[in-house]
Amino acid sequence: MMEFTQAEALGVLATVAKTLIILVGAVLMAALMIPIERRLLGLWQDRYGPNRVGPFGSLQVVADMVKIFFKEDWIPPFADKAVFVVAPAIIMVTSLLAFAVIPFTPTWTVANLNVGVLFLLAMSSLGVYSVIFAGWASDNKYALIGAMRTAAQMISYEVFMGLSLLGVVLLAGSFNLGDIIESQRGMWNVIPQFPAFVIFFIAGCAEIHRAPFDLPEAEQELTAGYHTEYSGMKFGMFFVGEYLGIVLISCLVTVLFFGGWLGPWLPGFVWFFLKAFTFMCFFVLLRASTVRPRYDQLMAFGWKILLPIAIVNVAITGAIVVATS
Amino acid sequence: MKNAAQTAFSATSSVLRTIGMTFMHSFRKRETVLYPEEKPYLPPRYRGRIVLTRDPDGAERCVACNLCSVSCPVDCISVVKAEDETGRWYPETFRINFSRCIYCGFCEDACPTYAIQLTPDFEMGEFDRQNMVYEKSDLTIAGVGKRPGYNFYRVAGMAVGGKDKGEAENEAKPVNIKTLLP
């Protein structure tokens with residue numbers, strides 16, 4: 001049996017507490033994004049959105065959650081049961097695991113991995129399994145088309161999502177997200193790495209299949225895409241998973257390009273939150289304003305435009321880093 | 001190459017312009033009318049809750065002719081005729097099932113005495129369907145509704161309740177068709 005000193009035990013407890021706080025915080029933020037999104041969409045479409053439940057409609061999400069908990073959780077008889085049940089769990093687990101490496105303040109990281117960026121990319125790639133499993137297990141043509149689109153979208157977008165981050169990694173000289181933030185003390189990465197920022201943001205949109213890249217769940221064409229057959233809390237998990245994705249990508253953009261917790265006067269966490277929240281709102285603005293491209297246009301745009309730009313960006317950044325070191 | 005650059009530029013600027021224009025909607029007036037707090041204006045001819053009006057003398061206008069019931073496309077009006085000692089018809093029962101009513105206004109058009117009228121009121125929600133059935137006492141109002149000064153029996157040529165033939169407003173005395181005298 002292992003012997004723990006008191007200090008070690010306290011350290012473990014602190015880590016567990018931190019993990020729980022970050023997990024609950026992330027899920028709460030994702031849940032809070034639902035009313036925020038609905039209210040913001042209302043604002044930009046000259047209407048109000050839900051404003052009855054609680055102050056400014058903020059308790060709407062509680063009402064929605066209560067409703068979704070009491071809904072019948074139905075598994076279609078033609079579905080592949082095991083895969084059908086596992087699929088929504090995967091997106092939740094991978095999204096939440098990705099939060100483990102995000103440094104919210106200099107001291108608030110669950111796992112200070114030295115391969116943080118790679119871990120993030122791995123987790124976000126694993127999330128694709130959720131969508132493909134869901135589409136396949138549903139045994140429904142719309143769900144399957146949605147899943148196929150996701151697969152195609154992911155192969156095109158994962159590539160330059162990773163490539164766009166290479167410039168940032170080169171500048172920081174580390175895969176560790178904390179080091180990347182510290183390297184932005186002089187100047188935020190968004191200035192020297194502007195093309196990378198744009199590419200990463202677009203790829204992030206595609207990664208969490210938000211409008212304008214919500215082809216896998218295009219309501220107008222595919223009813224609800226891969227989660228057509230889902231109901232009750234399983235559907236709720238896909239829903240929360242999607243919003244967790246928004247929170248995650250917003251946090252990532254903040255960490256990688258906008259200096260994370262860095263900022264004058266206010267404490268680090270407040271800066272982090274403000275920056276991330278701005279991006280979450282920007283995701284909603286994108287949804288309110290952009291149109292969905294056609295499936296082949298999306299892939300052409302990815303392979304023919306964004307990928308070359310990402311490669312050129314890496315080459316130039318690399319040349320400059322080598323020349324100046 | 002130049003063409004491609006132009007396309008890329010115009011596409012990018014178009015997307016950015018769209019996002020900007022959408023954002024500017026933050027400062028626009030919202031179109032939604034917050035209904036329970038802010039009531040919409042309903043014109044007097046709005047077809048809402050049905051009422052039974054009275055004539056200027058305060059007597060009920062309905063003569064239980066059943067034309068409203070006949071014209072009703074959803075059969076939601078039920079009238080039972082009765083007759084008082086002066087020979088005037090009146091409805092013993094007048095029942096409208098508002099859970100069936102489609103507010104088409106045909107009954108109002110069919111009514112020869114302007115008794116049945118539609119009013120600008122639609123807030124009739126009930127938790128119990130049975131409460132949507134309105135009896136005569138629920139339907140009858142004290143006023144004349146949209147037709148002030150109209151009294152059917154005062155202008156109609158029918159002999160009723162002390163008023164004989166030829167005694168109505170603008171009505172000539174009955175002509176004796178059996179005589180040749182002028």
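Bear in mind that the values in this text are calculations on the coordinates, not laboratory data. Fair warning: this is a prediction, and the values are worked out from it, not measured in the lab. Neighbour counts run over all protein chains shown; Cβ positions are idealised from the backbone, glycine included.
Any idea how far the Cα center of segment A:46-61 sits from the one of segment A:104-129, in Å?
Each part's Cα centre sits 34 Å from the other's.
Beta carbons within 10 angstrom, averaged per residue: use that to sort the peptides A:125-135, A:167-177, highest first. If you can, show how the numbers build up before the last one.
Working: A:125-135: 22.9, A:167-177: 20.5.
Top to bottom by mean Cβ count within 10 Å: A:125-135, A:167-177.
Rounded to the nearest 0.05, what FRET efficiency do B:Ala110 and A:Cys281 give with R0 = 60 Å and r taken as the Cβ-Cβ distance? Could you check? Don't skip to the end; give the middle numbers.
Numbers: r = 58 Å, r/R0 = 0.96.
According to the calculation, E is roughly 0.55.
In the protein assembly as shown, what percentage of the DSSP-assigned beta bridges are antiparallel, given to the nearest 5?
If we restrict to bridges inside the protein assembly as shown, about 95 percent are antiparallel.
Using alpha-carbon positions, what is the distance between the centroids of segment B:1-27 and segment B:68-120, in Å?
Value for the Cα centre distance between the two parts: 62 Å.
Work out which GluC sites (Glu not before Pro) in chain A are exposed loop sites (DSSP not H, G, I, E or B, at most 16 other Cβ within 10 Å) and give the longest gap free of them. All intermediate terms of the calculation are to be shown ahead of the outcome.
Numbers: sites that count: A:Glu3, A:Glu72.
So the longest stretch without any such site is A:73-325.
Can you list the HN-Hα couplings for segment B:74-91, worked out from phi with the Karplus curve (6.51, -1.76, 1.60; θ = phi - 60°), rounded to whole Hz and with x for Gly and Pro?
10, 6, 9, 9, 10, 10, 10, 7, 9, 9, 8, 5, 8, x, 8, 7, 8, x
Using a Gaussian network for chain B with springs between C-alpha atoms less than 10 Å apart, which of these wobbles most: B:Ala115, B:Ala11, B:Ala159?
It is B:Ala11.
With the dipole of segment A:73-324 worked out from charges on the C-beta (+1 for Lys and Arg, -1 for Asp and Glu) around the Cα centre, which of A:Trp303, A:Pro88, A:Ser183 lies farthest toward the positive end?
Of the candidates, A:Ser183 comes out farthest on the positive side.
Provide A:Ile316, A:Ile22 in ascending order of the number of other Cβ atoms located within 10 Å of each residue's Cβ, fewest first.
On the way: A:Ile316 12, A:Ile22 18.
If I rank by nearby Cβ atoms, fewest first, I get A:Ile316, A:Ile22.
Give me the one-decimal Kirkwood hydrodynamic radius in Å for segment B:50-155, with the sum taken over alpha-carbon pairs.
Values: mean 1/r = 0.0709 Å⁻¹.
Computed over segment B:50-155, the radius equals 14.1 Å.
Per residue of segment A:179-189, what does 6.51 cos²θ - 1.76 cosθ + 1.60 with θ = phi - 60° give for ³J(HN,Hα)? Whole Hz please, x for Gly and Pro, Karplus curve as stated.
Values per residue, Gly and Pro as x: 5, 5, 5, 4, 5, 9, 4, x, 8, 5, 4 Hz.
Less than 13 Å Cβ to Cβ from B:Lys173, Lys/Arg counted +1 and Asp/Glu -1: what total charge do the surrounding residues give? Before the final figure, lay out the partial values.
Working: positive: B:Lys165; negative: B:Asp164, B:Glu167, B:Glu171.
So the surrounding residues net to -2.
Hey, got a sec? Which GluC sites (Glu not before Pro) in segment B:76-142 land in a DSSP loop and have at most 13 other Cβ atoms within 10 Å? Mind dumping the intermediate values first?
Working: sites: B:Glu83, B:Glu85, B:Glu92, B:Glu108, B:Glu123, B:Glu126, B:Glu135; in loops: B:Glu85, B:Glu123, B:Glu126, B:Glu135.
When the GluC sites (Glu not before Pro) of segment B:76-142 are filtered for loop state and at most 13 Cβ neighbours within 10 Å, B:Glu85, B:Glu123, B:Glu126, B:Glu135 remain.
By a straight-distance test (C-alpha under 17 Å), which lysines pair with B:Lys136 as possible cross-link partners, with residues fewer than eight away in the same chain excluded?
The reachable lysines, counting only those whose Cα sits under 17 Å from B:Lys136, are B:Lys81.
For chain A, set up a Gaussian network in which alpha carbons nearer than 10 Å are linked by springs, and say which option among A:Trp108, A:Trp44, A:Trp265 fluctuates the most.
A:Trp265
Explain nothing, just compute: Karplus ³J(HN,Hα) = 6.51 cos²θ - 1.76 cosθ + 1.60, θ = phi - 60°, for every residue of segment B:120-132 in order, whole Hz, x for Gly and Pro.
Working through the residues one at a time gives x, 9, 10, 8, 10, x, 9, 8, 10, 4, 4, 6, 7 Hz.
Picking from A:Val190, A:Val16, A:Val240, which is most flexible by a Gaussian network model of chain A using Cα springs under 10 Å?
Answer for the Gaussian network model of chain A: A:Val16.
Averaged across B:22-32, how many Cβ atoms of other chains sit within 10 Å of each residue's Cβ atom?
Working: counts 9, 6, 1, 7, 5, 1, 4, 1, 7, 4, 7.
That average works out to 5.
What is the distance in Å between the Cα centroid of segment A:83-102 and that of segment A:194-259?
For segment A:83-102 versus segment A:194-259, the Cα centre distance is 13 Å.
Among A:Val198, A:Cys251, A:Gly135, which residue has its Cα positioned farthest towards the positive end of the charge dipole of segment A:73-324, with +1 placed on the Cβ of Lys and Arg, -1 on the Cβ of Asp and Glu, and the dipole taken about the Cα centre?
Selected residue: A:Val198.
Once you have all Cα-Cα distances for segment A:226-315, histogram them in 10 Å bins from zero and send the whole-percent values.
Bins of 10 Å from zero give 14, 26, 38, 19, 4 percent of pairs.
Would you kindly calculate the mean projected area, averaged across all directions, of the convex hull enclosing the Cα atoms of segment A:82-234, in square nanometres? It would help to have the intermediate numbers written out before the result.
Values: hull surface 38.7 nm².
Mean shadow area of the hull around the Cα atoms is 9.7 nm².
Under a point-charge model restricted to the Cβ atoms of Lys and Arg (+1) and Asp and Glu (-1), what is the dipole moment magnitude of chain B relative to its Cα centre, in debye to the nearest 20? Spell out each step's value before the answer.
Values: 24 positive and 23 negative charges, 217 e Å.
Once rounded to the nearest 20, the dipole reads 1040 debye.
Not counting the cut sites, what is the longest span of chain A without trypsin sites (Lys or Arg not before Pro) that DSSP labels loop and that have at most 16 other Cβ atoms within 10 Å?
Working: sites that count: A:Arg47, A:Arg52, A:Lys71, A:Arg185, A:Arg294.
That would be A:72-184.
Let me confirm one metric for peptide B:3-16, namely the mean number of other chain beta-carbon atoms within 10 Å of its residues' beta-carbons. If you can, show how the numbers build up before the last one.
Numbers: counts 0, 1, 0, 0, 0, 1, 0, 0, 2, 1, 0, 0, 5, 1.
Mean shielding by partner chains, rounded to a whole number: 1.
For segment A:73-324, what is the relative contact order in percent, using Cα pairs closer than 8 Å and at least 6 residues apart in sequence?
Working: 386 pairs, mean separation 67.8, N = 252.
In percent, rounded to a whole number, it is 27.
Could you give the size of the charge dipole of segment A:50-90 about its Cα centre, using +1 on the Cβ of each K and R and -1 on the Cβ of each D and E, expressed in debye and rounded to the nearest 20? Write out the running numbers ahead of the final one.
On the way: 4 positive and 4 negative charges, 31 e Å.
About 140 debye.
Tell me the Kirkwood hydrodynamic radius of the protein assembly as shown in angstroms, computed as one over the mean inverse distance between distinct C-alpha pairs. Display every interim value, and only then the final one.
Details: mean 1/r = 0.0347 Å⁻¹.
Across the protein assembly as shown, the inverse of the average 1/r is 28.8 Å.
Pick out, from B:Pro73, B:Pro112, B:Gly87, the residue whose Cα sits farthest towards the positive end of the charge dipole of segment B:50-155, with +1 on the Cβ of Lys and Arg and -1 on the Cβ of Asp and Glu.
B:Pro112
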